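Working notes, beginning with the structure itself.
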Amino acid sequence: MKKIFIATTLVLLAGCSSQASRMADCQAQGISKDACYIAEQNRQTAVQNTAMKQAMENAAKQYAQTAKRVVHVRIKGIDIKIFPADKQGYIESTAAALDEDNADAQVYRKGIFTAIYYKRTHKVVLMRDGQIYGRTTV
């Protein structure tokens with residue numbers, strides 16, 4: 001069992017090489033040290049550029065998913081539309097002011113109506129003149 005583990009480790013490490021070993025291999029082929037150094041720098045730049053490109057693609061996908069989320073409900077005939085990522089809310093198709101935004105909820109106010117969107121439970125509560133007018137789950 002121990003021999004298999006050692007053999008597996010050697011096989012896995014055979015593909016790994018350090019910058020120094022790549023430089024030594026390059027120079028062993030009769031290539032100048034400067035040319036080997038430039039080739040190594042180009043290799044590192046290519047790896048970094050690939051990683052950066054992938055990170056940017058992942059970030060764009062994640063932002064696109066977040067930006068598309070819309071909470072749209074109707075409570076007792078009152079139309080409420082909330083864009084949590086953009087921190088914008090509309091009550092009866094009119095922009096509502098963002099009063100409060102914390103980890104648990106976003107509170108929007110327009111006239112006598114206050115809409116509270118609970119982020120964790122995905123519920124919307126509509127208040128009229130400070131009294132609960134209705135509630136629903138998104």
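For the residues Gln65, Gln27, the requirement of being under 30 Å from Thr137 (Cβ atoms) and modelled with pLDDT under 90 singles out Gln65. Which ones in segment 68-84 are charged (D, E, K, R), modelled with pLDDT of 90 or more and not in a strand (DSSP E or B)? Scanning segment 68-84 gives a single hit, Lys76.
Selection of segment 99-127 for residues being among the hydrophobic types (A, V, I, L, M, F, W, C) and under 17 Å from His72 (Cβ atoms) yields Phe113, Ala115, Ile116, Val124, Val125, Leu126.
In the set Lys119, Lys76, Lys87, only one residue is on the phi > 0 side of the Ramachandran plot and touching a residue at least 24 places away in the same chain (Cβ under 8 Å); that residue is Lys76.
This table checks each residue for (1) over 26 Å from the mean Cα position of the chain (by Cα); (2) modelled with pLDDT of 95 or more; (3) within 26 Å of Tyr63 (Cβ to Cβ).
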position: Asp86; (1), (2), (3): no, no, yes
position: Thr94; (1), (2), (3): yes, no, no
position: Val107; (1), (2), (3): no, yes, yes
position: Thr114; (1), (2), (3): yes, yes, no
position: Lys119; (1), (2), (3): no, no, yes
position: His122; (1), (2), (3): no, no, yes
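The values are calculated or read from the model by the stated rules, or taken from the named source; none is laboratory data. These figures come from a predicted structure and were not determined experimentally. All Cβ positions, glycine included, derive from the backbone under ideal geometry; neighbour counts span all protein chains shown.
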